[in-house]
1. Suppose the filter is within 16 Å of the ligand (Cβ to nearest atom), closer than 13 Å to Val199 by Cβ and either buried (at least 16 other Cβ atoms within 10 Å of the Cβ) or in contact (Cβ under 8 Å) with a residue 60 or more places away in the chain (or both); does Ile263 pass it?
2. From the list Asp250, Asp243, exactly one residue is surrounded by fewer than 20 Cβ atoms within 10 Å (Cβ to Cβ), modelled with pLDDT under 95 and assigned by TED's automatic domain parsing to the domain that holds Arg331. Which is it?
3. Taking the condition of being touching a Cys at 6+ places or on another chain (Cβ under 8 Å) and either more than 8 Å from the ligand (Cβ to nearest atom) or not hydroxyl-bearing (Ser, Thr, Tyr) (or both), how many residues in the range 229-248 meet it?
4. In this structure, does Glu110 turn out to be modelled with pLDDT of 95 or more and in a loop (DSSP other than H, G, I, E, B)?
5. Could you please find all residues in the range 27-84 being touching a Ser or Thr at 6+ places or on another chain (Cβ under 7 Å) and either open to solvent by 90 Å² or more (accessible area, probe 1.4 Å) or at pLDDT below 95 (or both)?
6. Name the residue that is nearest to the chain's Cα centre (by Cα), counting only residues in the range 261-291 that are aliphatic (A, V, I, L, M) and assigned to a loop (DSSP other than H, G, I, E, B).
7. Output the qualifying pairs, or none if there are none: Cβ atoms under 9 angstrom, residues six or more apart or on different chains, first residue in the range 243-260 and outside any loop (DSSP other than H, G, I, E, B), second residue open to solvent by 60 Å² or more (accessible area, probe 1.4 Å) and within 16 Å of the ligand (Cβ to nearest atom).
8. Among the candidates Gly99, Gly118, single out the residue that is modelled with pLDDT of 95 or more, of a type in the set (Gly, Ala, Ser), in contact with a His (Cβ under 8 Å, 6 or more places away or on another chain) and open to solvent by 10 Å² or more (accessible area, probe 1.4 Å).
Amino acid sequence: MDNAGKSQPENPISVLVFSVSVCLKSTIMFPTVRPRRLRYNPVLRDMVRETSLSVTNLIYPLFVTFGHNVKRPIQSMPGCVTESVDVIAQSAKEIHTLGIPAVILFGIPEHKDEKGAGAYDPDGVIQRAVKEIKHAVPELFVITDVCLCEYTSHGHCGILENGQILNDPTLELLAKTAVSHVRAGADMPAPSDMMDGRVLSIRTALDTEGFASIPIMSYAVKYSSAFYGPFREAAESTPAFGDRKSHQMDPANRREAIKEAAIDLEEGADILMVKPALSYLDIISDVKRAFNVPVAAYNVSGEYAMVHAGARLGWIDYEKVMMEVLLSIKRAGADLILTYFAKDAAKLLG
Ligand code: PBG
């Protein structure tokens, strides 16, 4: 088959088949072609490596709560702790010293109610934690997760009526939450609720309040995933009844990811996130190809827990698997990776 004069196909698989067929057609074959030549010498191997992972790509999640001197280990997430506002600055300093540029904060409030008032309380755990961190380490970039599920008594991501989450009335509360985080000093809110229209309502509220230059990282493509299990234990945000399938995406859907990402971009998102990462590398790749903006991927709690569990059993090598996982997410197209591995990876990346 002659490929000359044919226009390059769009689909990634056809691009690959196209390039391979062009290569074979040019009659450069074994023994002339030996891909191993580029692999014998470690220096050359480094020189031709296609993907590189840097500590500047990493974002470390922190769990903040009320109380004094609290550093409560999270059972299913070895090495991670829930810590109180008064000690959070210590963690922030450690993270900064390791060269990690950013954190994302999750709050566990003292009181939960029907409307998640703790989320937008100017004196709430996140608002206070942001102030502490910014005071102690002003250079550390502080991202805040914007959702109501950790703050509602029922554990759902919005206001309920007859067991259903009301989309539009929830938007106002999300916008209020994002504004209160930014007012406290947060550098970038990250809405994770998956309500329709939340990016627009947050963008509008930030602009109205004089925060037009604050970017939004949207959890644009967030699947309804069983990989969030350990996080929900940590954040005490397991829904009291039902699930999150009425707003988070169906793991079977790929086309819909582009639709969600396009909508968020249109509404003013600056960075698009895909979540989870490992079982969704195809989605990361799709989003990266489709839009000309930075893409973030969330290497979630269950993905972290699995690697630790395997390593504890002595079945896999923790450090090697961790680095391969992070590299694969980067290779798929993520510019930024939110990961509980950030501290351990930073130590290895130097
Ligand atoms: C919602 C939120 C969740 C995660 C991040 N933000 C949980 C959920 O959607 O139920 C999961 C993160 C992880 O599993 O590491 N506030």
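1. No.
2. Working: Asp250 fails: modelled with pLDDT under 95.
The conditions single out Asp243.
3. To start, the set of residues in the range 229-248 that are touching a Cys at 6+ places or on another chain (Cβ under 8 Å) comprises 234-235, 237, 239, 244, 247.
Subset that is either more than 8 Å from the ligand (Cβ to nearest atom) or not hydroxyl-bearing (Ser, Thr, Tyr) (or both): 234-235, 239, 244, 247.
Within the range 229-248, residues that are touching a Cys at 6+ places or on another chain (Cβ under 8 Å) and either more than 8 Å from the ligand (Cβ to nearest atom) or not hydroxyl-bearing (Ser, Thr, Tyr) (or both) number 5.
4. yes
5. Passing the criteria: His68, Asn69, Arg72.
6. Residue satisfying both the conditions and the ranking: Ala277.
7. Glu256/Asp250
8. The match here is Gly118.
The values are calculated or read from the model by the stated rules, or taken from the named source; none is laboratory data. Only a predicted model underlies this, so the values are computations on that prediction, with no experimental measurement involved. Heads up, the Cβs are rebuilt from the backbone with ideal geometry, glycines too, and the neighbour counts pull from every protein chain shown. We work out accessible area using only protein heavy atoms, side chains counted, and drop any ligands, DNA or RNA first. Shrake-Rupley method; radii C 1.70, N 1.55, O 1.52, S 1.80 Å.
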